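The values are calculated or read from the model by the stated rules, or taken from the named source; none is laboratory data. Note that the structure is a prediction, hence the values are computed from the model and not measured. Reconstructed Cβ throughout: ideal geometry from the backbone, glycine too, with neighbour counts over all protein chains shown. Heads up: the accessible areas ignore ligands, DNA and RNA and are worked out on the full protein's heavy atoms, side chains in. Shrake-Rupley method; radii C 1.70, N 1.55, O 1.52, S 1.80 Å.
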Amino acid sequence: MENNSICFNSPVGYISAEANNTHVLSIRFANGPQINRESTVLLNLVQEQFSAYFNGTLTAFDLPLEFTGTDFQRKVWQHLLTIAFGQTCSYLDLALALGDAKAIRAVAAANAKNKHLIVIPCHRIISKSGKMQGYAGGIARKEQLLRHEKGLLQASLFSSGA
């Protein structure tokens, strides 16, 4: 089964997505435009959902993701999916939620292995002090994504009473 990939521009830079016939294998930041292989229905869906996310009409992705990693990594990634749009959580909070406060470094390492950036929202994990720490796409992108989400949440709070 051959994998296909697309690369598209977004407000936070180029995003590359790879998929097979049934699952999205990875979503990563790209250094610039890349040559797209043949697009598929699934890759078109990825691009549509990212467009809706950045336009402010999508707060949770619904994509069939392939999770390849250890049991612990998959547990961390599943928990990341429970962090609400526009909210943040510390590495310690995540380790505690998984049942072991001493697992902070393992949580951070699993976060770093996330192959589905933005969709599995590892950008929502910050240090206990509230400081931005570690993100595969860089701290500036992490801050931009959080500002985007928090801005949409605030806008929806003010528009819901109108």
* Based on the Kirkwood radius over alpha-carbon pairs, what value in µm²/s does the Stokes-Einstein equation return for the translational diffusion coefficient of the chain at 37 °C and 0.692 mPa s? -> 199
* **Order by protection proxy (mean Cβ within 10 Å, highest first), peptides 135-141, 58-64** => 135-141, 58-64
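Where both residues lie in the chain, what percent of DSSP beta bridges are antiparallel, nearest 5?
Bridges in the chain that DSSP calls antiparallel: roughly 70 percent.
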* Let me have the relative contact order for segment 50-135, percent, based on Cα pairs under 8 Å that are six or more residues apart. => 31
* To do: Please identify every one of the trypsin sites (Lys or Arg not before Pro) in segment 48-133 that sits in a loop by DSSP and has no more than 13 other beta carbons within 10 Å of its own beta carbon.
  => Lys128, Lys131
* Structure fact -> With x for Gly and Pro, the residue-by-residue ³J(HN,Hα) of segment 92-100, computed from phi through the Karplus equation 6.51 cos²θ - 1.76 cosθ + 1.60 at θ = phi - 60° and given in whole Hz, is 5, 4, 5, 4, 5, 4, 8, x, 8
* **Solution diffusion estimate, µm²/s, Stokes-Einstein, segment 110-153, Kirkwood Rh from C-alpha pairs, 37 °C, viscosity 0.692 mPa s** => 305
* Asked: Given a 1.4 Å probe and every protein chain left where it sits, what share in percent of the accessible area of segment 1-51 is carbon and sulfur?
  -> 46
* Sequence-separation-based contact order of the chain, relative, with Cα cut under 8 Å and 6+ spacing, percent -> 19
* Output ³J(HN,Hα) for segment 122-138: one whole-Hz value per residue in order, computed from phi by the Karplus curve 6.51 cos²θ - 1.76 cosθ + 1.60 with θ = phi - 60°, and x for Gly and Pro. => 5, 5, 7, 9, 10, 6, 4, 7, x, 6, 6, 9, x, 7, 4, x, x
* **Rounded D (µm²/s) - segment 23-110, Kirkwood Rh over Cα pairs, Stokes-Einstein at 4 °C, 1.567 mPa s** => 85
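Could you tell me what percent of the accessible area of segment 75-145 is made up of carbon and sulfur, with a 1.4 Å probe and every protein chain present?
Roughly 53 percent, rounded to a whole number.
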* Solvent-accessible area per residue for the chain at a 1.4 Å probe radius, Å²? -> 54
* Would you mind pulling out the separation of the Cα centroids of segment 29-82 and segment 128-152, in Å? => 18
